[in-house]
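The values are calculated or read from the model by the stated rules, or taken from the named source; none is laboratory data. Fair warning: this is a prediction, and the values are worked out from it, not measured in the lab. Positions of Cβ are generated from backbone atoms using ideal geometry, with glycine treated the same way; all protein chains shown enter the neighbour counts.
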Amino acid sequence: MIQTLDKVVGLNSAPTIYMTKPFEAPELIARIQTHCDGCGPHWARVHQFGTIRVDVQREKVLRNGKPVELTSREFQLLYYLMERAGSTVPRTELLQSVWGHEDVRPLAPVDAHVSSLRRKLEYNPKRPELILTTPGVGYKFVGPSQK
């Protein structure tokens, strides 16, 4: 039988991963979810940003419940920005990481794809609310919690 002192020592050493046996499945699931809360978007399979729903596993995007047709590159770009939500991602990093280019010029493909994403996802692409520009640097994905 586990003693209270043993539980306290275990919880103080690693509170999100310590469990005593026997345990029930709902407790295990709750602990996993708690552990993954700060892990970032890559842990979740479906993300909701206002009327935009992104299913990462299926590479599907819905806006107001209707499918949004994205190219593979557009989806990769969206996902890359989502993973870094709230942070400005330099255009050169996008070109290297999403396109796989060693040479960081020209940057026009990045701008063109962001523009295309905005036309497909934003209500007013000229006044974006999801993908913001940081002039002279790059782009930032802003979910509802970062506004």
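Laid out as a table, the results:
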item	result
Selection from the range 92-127 of residues that are at pLDDT below 95, closer than 15 Å to LEU81 by Cα and small (Gly, Ala, Ser)	SER97
Any hit, the range 128-147, residues being surrounded by 15 or more Cβ atoms within 10 Å (Cβ to Cβ) and modelled with pLDDT under 90	yes
